[in-house]
Amino acid sequence: MKIAIVSSLWEPQGYGGAERVAQDVAESLAAQGHEVQAICLGQSDRGQEAWLNGVQVHYRPLRNLYWPFPVAAAPLPAKVAWHGIDAHNFAMARMTGELLDEIRPDLVNTHNIAGFSAAIWPEVSRRRLPLVHTLHDHYLLCPYSTMFRKGENCARPCLACRVATAPRRAMTRHVGSVIGVSRFILDRHLHDGLFPDARASVVYNGYDAPGRPSRLDDRPAAGPLRVGYMGGLVPNKGLDRLLDAYLGLTLGAAELRIAGAGEARFAASLKARSASREDVRWLGVVRPEDFMPELDVLVVPSLVHEAMPRVVLEAFAHGLPVVAARRGGIPEQLHGDRGWLYEPDDRSQLPAILEQILGQRGELAAKRAAARAAAGEFSRAAMIAGYLAAYREAAAR
């Protein structure tokens, strides 16, 4: 099968979990003998081509006011204008259509499409190509993709968001099959009336630890509890609340290791609060395979409703139990003995769980085994089998 995969970003651009999933899908399909072409945005004014891990990658210039990845420090009028253009970006649609004529794929799978805009979907439909879209976030319901405003999650799209995303919502009629990376994110879109003619399915993200996974008994039973956070240093990830909970623990009982990058001002404020504590380590951007084996427990304190945080799967692949906020698709990942769920709106719950773990360190061995067992449920092979099933069904329709 000849497959075109569209994703806003691709290696070596800066990218997050959704983009890594798109790249994993593409490279895994290529390894199985499929011909895979990736279409993504590039910062050059001219189109560029490259071969990466068996995938031909087409980088195309972004036809909008500025490059927004990560969030750019643009004036408010420029941001409003950028999102207005992205509601239906005619230039990007025409460019993508011309590239599809050149590639001539059997099927198109779109992932995150900010920058391209949903205007590329009619171009796919016009060429009578099967179209599968993968939902990773709330881009089709909220201009900022989060449905998170003034520190609160939105129960439903507000009037302003409905107006801003109306063109995107209307164009979902061109999608033949829609994949949700969690039941949560899929149902949220279907219940709001999007993808009226599409076949819907859930395909969980997959992750395999590179090389030889760390052994469960490599972690010491004694010594300070090694607590970790890996993700964006942005307010809606809840890192400030994790830091508050951690600083309330008995000094010397634990260590906190923080990996990631994000908003400079927010990160600086958190670092200032922990400046006198040598047990809080800020590591910057590191690889999961270098970070996870050095921990006893990972905390995912998200305030926003995330569809399917990849970091949870990375933890499982390394036999690492997880403490996570009951948000979005996280409960679909974290059930049974794999870790602990808590309500982030109750500020007492996260500190209580950390105190519980400190008092019952013997629990961690069973949790590690359960986490490692869960890794098989979220393997890359299981993910690719789900995508191929969706592709075949879309092609048959």
Item to check | Label point at Asp337 placed 7 Å out along Cα→Cβ; residues across the stretch 343-368 whose backbone nitrogen lies under 13 Å | outcome: 362-368
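Subtract the Cα-Cα distance of Ala91 and Ala373 from 0.36 nm times their separation in residues, and report this length gain in nm to one decimal.
Here the segment from Ala91 to Ala373 would lengthen by 96.8 nm.
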Item to check | Pairwise centroid distance, computed over Cα atoms, of the stretch 44-120 with the stretch 326-397, Å | outcome: 32
Item to check | Neighbourhood net charge (10 Å Cβ-Cβ; Lys/Arg +1, Asp/Glu -1) for Lys2 | outcome: -1
Next on the checklist: Let me check I've understood the local charge: for Ala396, count other residues with C-beta under 13 angstrom from its C-beta, Lys and Arg +1, Asp and Glu -1. What total comes out?
Outcome noted: +1
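Mind checking the stretch 1-104 for trypsin sites (Lys or Arg not before Pro) that DSSP puts in a loop (not H, G, I, E or B) and that have at most 14 other Cβ atoms within 10 Å? Write down the numbers at each step before the final one.
Values: sites: Lys2, Arg20, Arg46, Arg63, Lys79, Arg94; in loops: Arg46, Arg63.
The qualifying sites are Arg46.
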Checklist entry - Is the stretch 323-396 rounded, prolate or oblate when judged by the Cα gyration tensor, a ≥ b ≥ c being the square roots of its eigenvalues, rounded requiring a/c under 1.5 and prolate requiring a/b larger than b/c? => result oblate
Next on the checklist: Rounded to the nearest 20 debye, what is the charge dipole size of the stretch 216-377 about its Cα centre when +1 sits on each Lys and Arg Cβ and -1 on each Asp and Glu Cβ?
Outcome noted: 260
Checklist outcome for this item: Residues of the stretch 137-170 with backbone N under 17 Å of the label point set 7 Å from the Cα of Tyr66 along Cα→Cβ are 144
Checklist entry - Between Gly16, Gly248, Gly319, which gets the highest mean-square fluctuation from a Gaussian network model of the chain, Cα cutoff 10 Å? => result Gly248
Checklist entry - Magnitude of the Cβ-charge dipole of the chain, K/R +1 and D/E -1, about the Cα centre, nearest 20 debye? => result 740
Next on the checklist: From Cα pairs below 8 angstrom and at least 6 apart in sequence, can you work out the relative contact order of the stretch 1-117, rounded to a whole percent?
Outcome noted: 35
Next on the checklist: Below 8 Å between Cα atoms, with a sequence gap of 6+, how large is the relative contact order for the stretch 216-377 in percent?
Outcome noted: 24
Item to check | At most 11 other Cβ within 10 Å, DSSP loop - GluC sites (Glu not before Pro), the stretch 262-291 | outcome: Glu278
Checklist outcome for this item: For Arg168, the net charge from surrounding residues (Cβ-Cβ under 12 Å; K, R +1; D, E -1) works out to +1
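Mind putting a number on the dipole of the stretch 84-190 about its Cα centre? Charges go on the C-beta only, +1 for Lys and Arg and -1 for Asp and Glu, and I need it in Debye to the nearest 20.
Values: 14 positive and 9 negative charges, 87 e Å.
The dipole magnitude comes to about 420 debye.
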Checklist outcome for this item: Everything considered on the Cα gyration tensor (a ≥ b ≥ c; rounded for a/c under 1.5, else prolate if a/b is larger than b/c, else oblate), the stretch 216-377 must be described as rounded
Checklist outcome for this item: Ordered by fewest other Cβ atoms within 10 Å, a rough proxy for footprinting exposure, Ile113, Ile85, Ile357 read Ile85, Ile357, Ile113
Item to check | In the stretch 10-102, the chymotrypsin sites (Phe, Trp or Tyr not before Pro) that fall in loop regions by DSSP, at most 16 other Cβ within 10 Å | outcome: Tyr66
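Values in this text are rule-based calculations from the coordinates and carry no lab data. Computed from a predicted model, the values in this text were never measured in an experiment. For neighbour counting, all protein chains shown are included, and Cβ atoms are generated from backbone atoms with ideal geometry for every residue, glycine included.
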